[in-house]
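Down below is the structure, laid out as structure tokens.
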Amino acid sequence: MKKIAKSKIFGVLLFSALFIVGCSTAEKKPRESRNRQKNTDQPIAIQGAMDVEVAALLDEMKDYKVEKHGNYTFYVGKIGDIPVVVSKTEIGMVHAAASTTLLIEKYHPKTIINQGTAGGHDPHLHVFDTVIGTEVINIGNLRTEYLGEDQGMKPDTWIFMPTRMMENGEEKQYESFQSDPELVKIALSVADKYKYGKVVEGKVGSADFWNREIDRIHWFHEKAGTSVEEMEAASVAQVAKGYNIPYLAVRTVSNSEVSGDNIEDLETAGQYGAEFAVEIVKAIG
């Protein structure tokens, strides 16, 4: 009787174990299917810091869903048949980093296009010209050499520091961040669709300040090689790099102290830049 009872108990336990394994295997298939579906539907993300930098994108989308995460706004919809999420990052480096992190965690974009307006550093660039940022640099990341009390300040001797970040448990240093070469190529392929100025490759400088001192603008252009300056792109690029998401910077000149233009037009530059971003999205497909 004891042997028979033990056999029955063993049989029940074996059946239960096989049943649990079978259920676990059955559950995995729909989960894998959902993951494949998510990858297929990954949107292209387009960012702008201000209303004037996203308005043309929303006009192109027509129908979209507005979603809030914290104080950051996201617009989910399509441009043509292409899934997109438009992110209004707000102005500044911290806002850009925070909103980009939320963008990635909530929407899993396959590509991030950071676009908007900028001030000119290159004297050959005029208002409404557009820069495809092949690289971006944090021009606010500086150190100074030691000077004692009453020795004054020497900002022209300040030294650009690399950005440090961890990758796979190791510290990496970046002098600048590169836009994805394929995305640069795609953006340049539709340059002829931009009718408001020239489209050039260049270097975007980012920091939480607005420079209007001409000598200092020249200094950035000469020392860092910057074409334009703005307040978000480097932070976005750093976060995108951390998540291994292809990134592209696009900036339309709204004002310049060094080109001879007597124009400062954020609204129009924002409109033109966003319209060009639409063309890039369509070319990415």
Quick check on this structure: which one of R212, R216, R251 is charged (D, E, K, R) and under 16 Å from the mean Cα position of the chain (by Cα)? R251
Restricted to the stretch 262-276 and to residues being at pLDDT 95 or above and not in a helix (DSSP H, G or I), the residue least open to solvent (accessible area, probe 1.4 Å) is D265
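The rows are residues; the columns are (1) out of contact with any His (no Cβ under 9 Å at 6 or more places or on another chain); (2) at pLDDT 95 or above; (3) under 19 Å from N138 (Cβ atoms).
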| position | (1), (2), (3) |
| --- | --- |
| R164 | yes, yes, yes |
| Q173 | yes, yes, yes |
| K185 | yes, yes, no |
| G197 | no, yes, no |
| E229 | no, yes, yes |
So in the stretch 132-156, with the set limited to residues that are touching a strand residue (DSSP E or B) at 6+ places or on another chain (Cβ under 6 Å) and of a type in the set (V, I, T), which one is most open to solvent (accessible area, probe 1.4 Å)? T134
Give the stretch 217-254 a look and list any residue that's β-branched (V, I, T) and open to solvent by 10 Å² or more (accessible area, probe 1.4 Å), or say none. V239, I245
What strands (runs of 3 or more DSSP E) lie completely within the stretch 36-131 and have 1 or more residues being touching a residue at least 40 places away in the same chain (Cβ under 8 Å) and open to solvent by less than 10 Å² (accessible area, probe 1.4 Å)? 44-48, 72-79, 82-88, 111-120
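Of the residues in the stretch 221-263, how many are hydrophobic (A, V, I, L, M, F, W, C) and either under 15 Å from H124 (Cβ atoms) or free of Cβ contacts under 8 Å to residues at least 60 places away in the same chain (or both)? Talk me through it step by step, then tell me what you get.
Initial filter on the stretch 221-263 (hydrophobic (A, V, I, L, M, F, W, C)): 224, 228, 231, 233-234, 236-237, 239-240, 245, 248-250, 253, 258, 263.
So of that shortlist, the ones also either under 15 Å from H124 (Cβ atoms) or free of Cβ contacts under 8 Å to residues at least 60 places away in the same chain (or both) come out as 228, 253, 258.
Residues in the stretch 221-263 being hydrophobic (A, V, I, L, M, F, W, C) and either under 15 Å from H124 (Cβ atoms) or free of Cβ contacts under 8 Å to residues at least 60 places away in the same chain (or both): 3 in total.
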Filter the stretch 204-239 down to the residues that are touching a helix residue (DSSP H, G or I) at 6+ places or on another chain (Cβ under 7 Å) and either over 18 Å from I91 (Cα atoms) or of a type in the set (V, I, T) (or both) and list them by number. V204, W219, T226, V236, V239
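Under 17 Å from the mean Cα position of the chain (by Cα) and assigned to a loop (DSSP other than H, G, I, E, B): which single residue out of I137, I245 fits that description? If you could, list the steps in order and put the result at the bottom.
Details: I137 fails: assigned to a loop (DSSP other than H, G, I, E, B).
Result: I245 is the single residue among I137, I245 that is under 17 Å from the mean Cα position of the chain (by Cα) and assigned to a loop (DSSP other than H, G, I, E, B).
Quick one: is E201 out of contact with any helix residue (DSSP H, G or I) (no Cβ under 6 Å at 6 or more places or on another chain), more than 17 Å from L125 (Cα to Cα), assigned to a strand (DSSP E or B) and open to solvent by 20 Å² or more (accessible area, probe 1.4 Å)?
Considered against the rule, which asks whether it is out of contact with any helix residue (DSSP H, G or I) (no Cβ under 6 Å at 6 or more places or on another chain), more than 17 Å from L125 (Cα to Cα), assigned to a strand (DSSP E or B) and open to solvent by 20 Å² or more (accessible area, probe 1.4 Å), E201 comes out as no.
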Exactly one of (1) part of a loop (DSSP other than H, G, I, E, B); (2) without any contact (Cβ under 8 Å) to a residue 60 or more places away in the chain is unmet by D208. Its number? (2)
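The values are calculated or read from the model by the stated rules, or taken from the named source; none is laboratory data. Just so it is clear, the model here is predicted, and its values are computed rather than measured. No Cβ is skipped: glycine too gets one built from the backbone with ideal geometry, and neighbour counts run over all protein chains shown. What goes into the accessible areas is simple: the full protein's heavy atoms, side chains included, and nothing from ligands, DNA or RNA. Shrake-Rupley method; radii C 1.70, N 1.55, O 1.52, S 1.80 Å.
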